[in-house]
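The values are calculated or read from the model by the stated rules, or taken from the named source; none is laboratory data. None of these values were measured; they are calculated from a predicted model. Glycine also receives a Cβ, built like all others from the backbone with ideal geometry; neighbour counts cover every protein chain displayed. Quick note on the areas: whole protein, heavy atoms, side chains included, nothing else; ligands and nucleic acids left out. Shrake-Rupley method; radii C 1.70, N 1.55, O 1.52, S 1.80 Å.
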Amino acid sequence: MTAPGWEVHADTAPPADPLELARAWLPADDDPERPRVTLSTVGEDGYPDARTVLLSAFDDTGFAFHTARTSRKVAELAALPRASIVVLWPDFGRQLVVRGDVVPDGDDQAASAWSARPEYLRRLAYLNTEEHAALPQGERIARWAAFAGPVGTAASWVGYRLRPRELTFWAAAPDTASRRLQYLRTAGGWSCRALPG
Ligand SMILES: Cc1cc2nc3c(=O)[nH]c(=O)nc-3n(C[C@H](O)[C@H](O)[C@H](O)COP(=O)(O)O)c2cc1C
């Protein structure tokens, strides 16, 4: 018998709404431990681009992440507002892959995501400019130490929401094959199928 926690979902039938399942897997928005997700976009040169970001929030409208206005991903999303995220639970044998369209998130959400970020990450977003990145390491350490704050506002910060069109839940199992459930958005709701792999 598979141990609880390894299954994709608790019941015998998968829930009709994948966002319900995502809610059961993801921490609540007020949990300070934010999931680290791999965010993939399409580069302006046509090649995939990827990096780690924190998942700031999640609700029925989608998966929110925040970033610096000047970052490459912002330019890429302006050119093609599509993305995927991969959420990995390394110790728990779970993975969630979400693909969809990206829309700008509200200023209020950006402000609250900014204030919820750890001090180190706020300082990083504030100080780590192109000019700072080009400095020798000694100078970078000196400037970091000399910085007396404040870390500014969320003005340099912009938020997006990934609206899912496809969600794939993957769960390992110690005593049987891993299980994948893929949900695709349809005109009336969601279709769901089990996949190998
Ligand atoms: C654990 C971790 C969390 C990160 N969280 C964020 C984040 O929430 N937002 C962000 O813009 N960058 C974050 N970064 C930095 C990005 O990975 C990336 O280097 C930066 O956003 C520039 O990406 P781009 O040039 O592809 O736009 C994080 C990096 C790590 C390792």
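I'd like the accessible area for PHE92: 1.4 Å probe, protein heavy atoms, all chains in place, Å² to the nearest 10.
80 Å²
Calculated from DSSP H runs of 4 or more alone, at -39500 (n - 2.57) each and per residue, what is the 222 nm mean residue ellipticity of the chain, nearest 500?
Result for the chain: -6500 deg cm²/dmol, rounded to the nearest 500.
Against the longest principal axis of the chain, how steep is helix 137-146, in degrees 0 to 90 to the nearest 10, with axes from Cα atoms?
Roughly 80 degrees, rounded to the nearest 10.
Could you state the accessible area per residue of the stretch 102-197 in Å², with a 1.4 Å probe and every protein chain left in place?
On the way: 5680 Å² over 96 residues.
Ligands and nucleic acids excluded, the result is 59 Å² per residue.
Can you tell me the dipole magnitude for the stretch 107-197 around its Cα centre, using point charges on the Cβ only (Lys, Arg +1; Asp, Glu -1), in Debye to the nearest 20? Write out the running numbers ahead of the final one.
Working: 12 positive and 8 negative charges, 90 e Å.
Value, rounded to 20: 440 debye.
Sort the following peptides by mean Cβ neighbour count (other Cβ atoms within 10 Å, averaged over residues), highest first: 157-168, 30-41.
Numbers: 157-168: 20.6, 30-41: 15.2.
Packing proxy ranking, top to bottom: 157-168, 30-41.
Hey, if you put +1 on the Cβ of every Lys and Arg and -1 on every Asp and Glu Cβ in the chain, which of ALA16, VAL74, THR168 ends up farthest toward the positive end of that dipole?
Of the listed residues, the answer is VAL74.
Taking the chain as a Gaussian network, Cα atoms linked when under 10 Å apart, which of LEU54, LEU77, LEU135 shows the biggest mean-square fluctuation?
The residue with the greatest mean-square fluctuation here is LEU135.
Can you give me the Cα centroid spacing of the stretch 123-145 and the stretch 167-187 in angstrom?
42 Å
Gaussian network model of the chain, Cα springs within a sub-10 Å range: biggest mean-square fluctuation belongs to which of ASP29, ASP45, ASP60?
In this elastic network of the chain, the residue with the biggest mean-square fluctuation among ASP29, ASP45, ASP60 is ASP45.
Could you tell me, in Å, what Rg and Dmax come out for the Cα atoms of the chain?
My reading of the Cα-based Rg and Dmax gives 18.9, 59 Å.
How large is the charge dipole for the chain, taken about the Cα centre, if only the Cβ atoms of Lys, Arg (+1) and Asp, Glu (-1) carry charge, to the nearest 20 debye? Write down the numbers at each step before the final one.
Values: 22 positive and 25 negative charges, 76 e Å.
It works out to roughly 360 debye.
Determine the gain in length on full extension of the stretch LEU127-ALA172; use 0.36 nm per residue of separation and subtract their C-alpha separation, reporting nm with one decimal.
Numbers: separation 45, 0.36 × 45 = 16.20 nm, distance 4.03 nm.
Taking LEU127 through ALA172 to full extension adds about 12.2 nm, to one decimal.
What residue among THR67, THR12, THR176 has the largest mean-square fluctuation in a Gaussian network model of the chain, using Cα springs under 10 Å?
Result: THR12 has the largest fluctuation of those listed.
How large is ³J(HN,Hα), in whole Hz, for each residue of the stretch 80-92 in order, when computed from phi with the Karplus curve 6.51 cos²θ - 1.76 cosθ + 1.60 and θ = phi - 60°, using x for Gly and Pro?
8, x, 9, 7, 9, 10, 10, 9, 10, 10, x, 8, 10
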